[in-house]
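Worksheet: one structure, shown below.
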Amino acid sequence: MISELEKVPVILRNFGLAADSCTTTVLHSGHINSTLKVDFTFKGENKSVILQRVNTYVFQNPIGIMNNIDLVTRHIRRKLIADGVDPKGRVLEFIPNVEGQNYFFEDRDNFWRAYWYVENTVTYDKAEDLRVLQNAGRAFGLFQHQLADLPMHLLVDTMPGFHDTRRRMENFFAAAERDEAGRRKNIEEEIRLLRENEPVWKQLGVLRAEGFLPLRVTHNDTKYNNILIDKNSGEAVCVIDLDTVTPGLCAYDFGDAIRFAANFAAEDEKDLSKVGLNLEAYEAFASGFVSECRTFCSREELESLAIGAVTITFELAARFLEDYLNGDKYFRVAHPEHNLERGRSQLALALDMKEKIAQMQQINRKYYE
Ligand code: GN1
Ligand code: MG
């Protein structure tokens with residue numbers, strides 16, 4: 001089989017990019033797609049692109065995704081220009097293939113896309129500088145603000161129920177019943193905890209069903225490393241990883257960012273005594289996000305943000321553990337216990353957040369009351 005790296009020149013050509021020479025670096029971010037950075041020269045000019053091979057096991061409608069990405073990036077570009085901001089580097093710029101589509105569908109397992117690398121930026125897995133984290137909060141809030149008037153019906157629902165926590169939990173309990181990989185015996189305690197905490201993780205769904213929370217165009221995967229940060233100024237310049245942009249709740253975007261960036265530990269930390277919500281980091285992100293969102297969100301939505309953090313953390317615990325039960329088909333794992341460790345770690349974080357909901361609410365209110 002030809003490796004991804006060997007294919008790079010062919011893929012570049014399909015995107016109409018001619019190269020005299022190129023160097024490819026594998027970027028190990030994300031648990032789903034394969035991402036390559038390609039630095040190439042053409043007629044003495046240096047250029048860099050990001051090539052991604054979309055995981056079509058997870059993303060079963062990649063063309064729908066690229067349709068959404070096209071709409072979203074065009075919309076943001078128009079908004080930036082209307083505000084007098086140069087869009088270069090502030091919104092991803094996908095490169096059309098030789099037939100004009102924003103992807104290259106080689107075959108079922110090889111669905112490629114390309115976008116220009118944004119120079120002078122970095123991504124962080126860990127929030128070390130609270131000022132940068134605050135900038136990221138503002139930028140994720142702005143992302144929703146920019147998309148608030150994008151007609152939602154134009155978006156293809158590429159992942160129905162992506163953040164439907166109840167459905168996620170049902171899938172998890174069903175996987176435990178099936179016990180396909182014979183691993184259930186290792187997670188009896190986690191199953192019990194997820195059942196016991198139903199009153200906590202179902203709250204957001206209840207608010208939504210009762211009509212208190214509007215659907216918006218949301219990102220749905222707001223990890224800290226999904227935002228490009230200017231290397232020099234620390235400004236958050238561009239939101240990336242637009243695969244999951246669909247109608248959703250503001251609280252999930254807020255919550256997912258908190259889950260990842262305001263944890264004392266990494267997402268897959270094995271030592272659970274290190275895991276917990278860092279309220280200082282929480283406040284840094286929340287201050288940026290809420291200051292932006294208070295300009296267009298309802299009071300109920302702002303009130304729901306803290307519960308969004310707890311909910312999505314329980315949800316992801318269940319998703320990692322479900323994949324563990326199913327034999328690791330969905331998330332890329334570094335070793336056989338990886339999903340188990342991720343699931344336990346997220347569950348520990350969710351339980352810690354549960355104890356801190358009132359404090360989270362109090363912090364948020366400082367920025368919208
Ligand atoms: C996956 O690939 P990545 O890291 O951007 C997942 C998210 C999870 C996240 C957990 C499509 O995102 O939902 O929150 O892992 N994406 C999909 O780290 O399932
Ligand atoms: Mg993603």
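Checked against (1) of a type in the set (D, E, K, R); (2) within 16 Å of ligand 1 (Cβ to nearest atom); (3) more than 17 Å from the chain's Cα centre (by Cα), ASP241 passes all but a single condition, namely (3).
Evaluating ALA136 against the criteria (1) under 27 Å from VAL206 (Cβ atoms); (2) in contact with a strand residue (DSSP E or B) (Cβ under 6 Å, 6 or more places away or on another chain) leaves one unmet condition, (1). Checked against (1) open to solvent by less than 40 Å² (accessible area, probe 1.4 Å); (2) assigned to a loop (DSSP other than H, G, I, E, B); (3) basic (Lys, Arg), LYS270 meets all criteria but (1). All conditions in (1) open to solvent by less than 10 Å² (accessible area, probe 1.4 Å); (2) farther than 14 Å from PHE140 by Cβ hold for ALA251, with the sole exception of (2). The set of residues in the stretch 4-59 being assigned to a loop (DSSP other than H, G, I, E, B), farther than 18 Å from TYR115 by Cβ and either of a type in the set (Val, Ile, Thr) or outside the structural domain of GLU99 (by TED's automatic domain parsing) (or both) consists of THR56, VAL58. As a summary of the residue check, ARG77 satisfies the conditions (1) more than 16 Å from ligand 2 (Cβ to nearest atom); (2) under 20 Å from the mean Cα position of the chain (by Cα) except for the one numbered (2). Cβ-Cβ distances below 8 Å connect the following pairs, each with a first residue in the stretch 222-236 that is within 16 Å of ligand 1 (Cβ to nearest atom), a second residue that is among the hydroxyl-bearing types (Ser, Thr, Tyr) and open to solvent by 30 Å² or more (accessible area, probe 1.4 Å), and a separation of six or more residues or different chains: TYR224/THR123; TYR224/TYR124; ASN225/SER29; ASN225/THR123; ASN225/TYR124; ASN226/THR123; ILE227/THR123; LEU228/THR123. Restricting attention to the stretch 313-328, the residues that are more than 12 Å from ligand 1 (Cβ to nearest atom), more than 10 Å from ALA175 (Cβ to Cβ) and outside any loop (DSSP other than H, G, I, E, B) add up to 1. The residue that is surrounded by the most Cβ atoms within 10 Å (Cβ to Cβ), among those in the stretch 23-66 that are of a type in the set (A, V, I, L, M) and within 11 Å of ligand 1 (Cβ to nearest atom), is ILE65. Counted as qualifying within the stretch 124-198 are the helices (runs of 4 or more DSSP H) with 1 or more residues that are open to solvent by 30 Å² or more (accessible area, probe 1.4 Å), more than 30 Å from ARG78 (Cβ to Cβ) and free of Cβ contacts under 8 Å to residues at least 40 places away in the same chain, namely 165-178, 188-196. Of ILE11, ILE76, ILE69, all but one fail to be open to solvent by less than 70 Å² (accessible area, probe 1.4 Å), within 16 Å of ligand 1 (Cβ to nearest atom) and among the hydrophobic types (A, V, I, L, M, F, W, C); the exception is ILE69. Residue by residue through the stretch 334-369, note down the ones that are without any contact (Cβ under 8 Å) to a residue 12 or more places away in the chain and among the aliphatic types (A, V, I, L, M). Listed by number, the residues that qualify are ALA334, ALA358. Residues in the stretch 199-236 that are of a type in the set (Gly, Ala, Ser), surrounded by fewer than 21 Cβ atoms within 10 Å (Cβ to Cβ) and not in a loop (DSSP other than H, G, I, E, B): GLY205, ALA209. Within the stretch 329-349, the residues that satisfy the criterion of being over 23 Å from SER34 (Cβ atoms) and either within 13 Å of ligand 1 (Cβ to nearest atom) or among the hydroxyl-bearing types (Ser, Thr, Tyr) (or both) are GLY343, SER345, GLN346, LEU349.
Taken together, GLY248, GLY288, GLY234 contain a single residue that is touching a strand residue (DSSP E or B) at 6+ places or on another chain (Cβ under 6 Å) and in the same structural domain as LEU194 (by TED's automatic domain parsing), which is GLY248.
Here GLY343 meets the list (1) open to solvent by 50 Å² or more (accessible area, probe 1.4 Å); (2) assigned to a helix (DSSP H, G or I); (3) not polar (S, T, N, Q) almost entirely, failing just condition (1). If the condition is being touching a strand residue (DSSP E or B) at 6+ places or on another chain (Cβ under 6 Å) and away from ligand 2 (no atom under 14 Å from the Cβ), then the stretch 27-45 contributes LEU36, LYS37, VAL38, ASP39, PHE40, THR41. Could you please find all residues in the stretch 217-265 being of a type in the set (D, E, K, R) and away from ligand 2 (no atom under 13 Å from the Cβ)? Matches in the stretch 217-265: ASP230, LYS231, GLU235, ARG259.
The values are calculated or read from the model by the stated rules, or taken from the named source; none is laboratory data. Because the structure is predicted, anything quoted here is derived from the model rather than measured. Positions of Cβ are backbone-derived with ideal geometry, glycine not excepted, and every protein chain shown enters the neighbour counts. Keep in mind that these areas ignore ligands, DNA and RNA; they rest on the heavy atoms of the full protein, side chains included. Shrake-Rupley method; radii C 1.70, N 1.55, O 1.52, S 1.80 Å.
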